[in-house]
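Encoded as structure tokens, the structure appears first; notes follow it.
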Amino acid sequence: MATLFRVIRPEPRLRLGEAEARALAPLVTQWLERGCDEAELAHALLPGLPQPMHSPVAILRDRLQRKLPPERAAPPPTPYAECGRCHDPVPRPGICRACAGLGTRTVAVGTGAGATPGGVARARAALRGWPRQPAAANS
């Protein structure tokens, strides 16, 4: 309810009583649950209001229902997790074999002691399924 009052505050023609705001609160909650913030809500409710305005609550209800954004898709699951101790990629949440004392750490060919922090970060990002970064042009 407080969110609705903050959003409509700049428009004096949209004065609501407490009972009216309570009636609209479930619709505002749906917007917030779908990841919208107050600025997006204001952009949907305030522009282009009719002149004269006979029923502010009816206009707000109509706009909240009609302009309700679609539910945002959940992010895809990451194919790998990180070791809880060394943060190396592992196939399941927990710790890797090396940190559990069940084996030695394997080093990928070409990484060894000369691996750069940027290269390690890019490798982890690739294993997590993050969007690829364009490769730097070779000089």
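Some notes on this structure:
- Look at (1) at pLDDT 90 or above; (2) of a type in the set (Lys, Arg); (3) under 30 Å from the mean Cα position of the chain (by Cα) and you find that Arg72 fails only one, number (1).
- Some residue of region 68-88 being among the basic types (Lys, Arg), in contact (Cβ under 8 Å) with a residue 12 or more places away in the chain and either over 30 Å from Ala123 (Cβ atoms) or part of a helix (DSSP H, G or I) (or both): no
- So Arg124, is it in contact with a strand residue (DSSP E or B) (Cβ under 8 Å, 6 or more places away or on another chain) and modelled with pLDDT under 85: yes
- Residue in region 99-107 that is closer than 30 Å to Arg128 by Cα, among the aliphatic types (A, V, I, L, M) and modelled with pLDDT of 85 or more present: yes
- Checked against the criteria, Ala113 does not count as modelled with pLDDT under 90, over 30 Å from Leu24 (Cα atoms) and surrounded by 10 or more Cβ atoms within 10 Å (Cβ to Cβ).
- Total residues in region 2-37, condition outside any helix (DSSP H, G or I), touching a helix residue (DSSP H, G or I) at 6+ places or on another chain (Cβ under 8 Å) and loosely packed, with under 13 Cβ neighbours inside 10 Å: 2
- Glu40 being charged (D, E, K, R), exposed (fewer than 11 other Cβ atoms within 10 Å of the Cβ) and out of contact with any Gly (no Cβ under 8 Å at 6 or more places or on another chain): no
- Residue list for region 1-57, filter: among the charged types (D, E, K, R) and either under 24 Å from Ala73 (Cα atoms) or touching a Ser or Thr at 6+ places or on another chain (Cβ under 6 Å) (or both): Glu33, Arg34, Asp37, Glu38, Glu40
- Among the residues making up region 43-69, those that are under 31 Å from the mean Cα position of the chain (by Cα) and of a type in the set (Gly, Ala, Ser) are Ala44, Gly48, Ala58.
- Residues in region 51-67 that are in a loop (DSSP other than H, G, I, E, B) and touching a helix residue (DSSP H, G or I) at 6+ places or on another chain (Cβ under 7 Å) were compared, and the one that is modelled with the lowest pLDDT is Met53.
- From the options Pro10, Pro50, Pro79, residue that is at negative phi and in contact with a Gly (Cβ under 9 Å, 6 or more places away or on another chain): Pro79
- Any pair with Cβ under 6 angstrom, 6 or more apart, that starts in region 112-128 at a residue that is under 14 Å from Asp88 (Cα atoms) and ends at one that is modelled with pLDDT of 75 or more: Leu127/Pro89
The values are calculated or read from the model by the stated rules, or taken from the named source; none is laboratory data. Predicted model only: the values in this text are computed from it and were never measured. Ideal geometry is used to build each Cβ from the backbone, glycine not excepted, and the neighbour counts take in all protein chains shown.
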